[in-house]
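The values are calculated or read from the model by the stated rules, or taken from the named source; none is laboratory data. What you are looking at is a predicted structure, and each value in this text was computed from that prediction instead of being measured. Don't worry about glycine lacking a Cβ; one is built from the backbone with ideal geometry, like all the others, and counts go over all protein chains shown. SASA here: full protein model, heavy atoms, side chains in, ligands and nucleic acids out. Shrake-Rupley method; radii C 1.70, N 1.55, O 1.52, S 1.80 Å.
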Amino acid sequence: MGGLSRGILPLFIAFLFSLTAAAQQEIPRFGYLSYNAVIVRMPEYTNAQQQFAELKSKYEAEATRSEEEFQRKFAEFMQGQREFPDVIMQKRQAELQELMERSISFRTESQRLLAEAEQALKQPAVDRLNEAIQAVGAAEGFMFILNTDGNTCPFLHPQAGVDVTGAVLEQLGISKNQ
């Protein structure tokens, strides 16, 4: 039995070494990229940003116009308040209150509408980028692709992780030098 154990032990050790070597060779591969660094290079995203800036400018112009109207009416009220009978004074105060409430309501609603518009304008770029990432991941046989934005991955194993930024840009038809 002692001779048999001595013959099996070296085989067992060799087997363990081969398993360890195979395990080291088959580290699951994954990709990584900065989502933000890629999306800002996409023409769809740039166009969405421009459209959003124009829309935001229009909302701001309307808010400014509304505030200027309030300031003008307030100045008129202040100048004439001593001469107004009580009924006119109350009417003007109510008008000012209504203007202020509409202005606040407009600001609140415009912020909500702008957030929705920004999301809708960017969505085609997001969808296209996600499709490109999926295509690269499938073609390269990755287990997954990580987004490294926000320092969410402070360490990526250099033997398992592959920077897929170039491949995704190529999939999108964007030059790496743009």
What lysines sit close enough to Lys58 to cross-link, taking a C-alpha to C-alpha distance under 29 Å and skipping anything fewer than 8 places away on the same chain? Lys73, Lys122
With each label point set 7 Å from Cα along the Cα-Cβ vector, what nm distance links Lys91 and Ala115? 4.0 nm
Aspartates and glutamates with Cα under 17 Å of Lys176, excluding same-chain neighbours fewer than 8 positions away: Glu44, Asp163
Lys/Arg +1, Asp/Glu -1 at C-beta; the range 79-178 dipole; positive extreme among Ala117, Leu96, Phe106: Leu96
Can you run phi through the Karplus equation (6.51, -1.76, 1.60; θ = phi - 60°) for the range 63-75 and list ³J(HN,Hα) in whole Hz, with x for Gly and Pro? 5, 5, 4, 5, 5, 5, 4, 4, 4, 5, 5, 5, 4
Within 10 Å, count the other beta carbons around each residue, average over each peptide in 148-161, 57-70, and list them highest first. 57-70, 148-161
Contour minus Cα-Cα span, Gln134 to Ile174, at 0.36 nm per residue, comes to 12.7 nm
Inter-label distance, nm, simple model (7 Å from Cα along the C-beta direction), Phe77/Ala61: 2.8 nm
Quote the charge dipole size of the range 32-119 about the Cα centre in Debye, to the nearest 20; the model charges only the Cβ of Lys and Arg (+1) and of Asp and Glu (-1). 120 debye
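Accessible area per residue for the range 95-136 in Å², computed with a 1.4 Å probe and the full protein assembly in place, what is it?
It amounts to 63 Å² per residue over the range 95-136.
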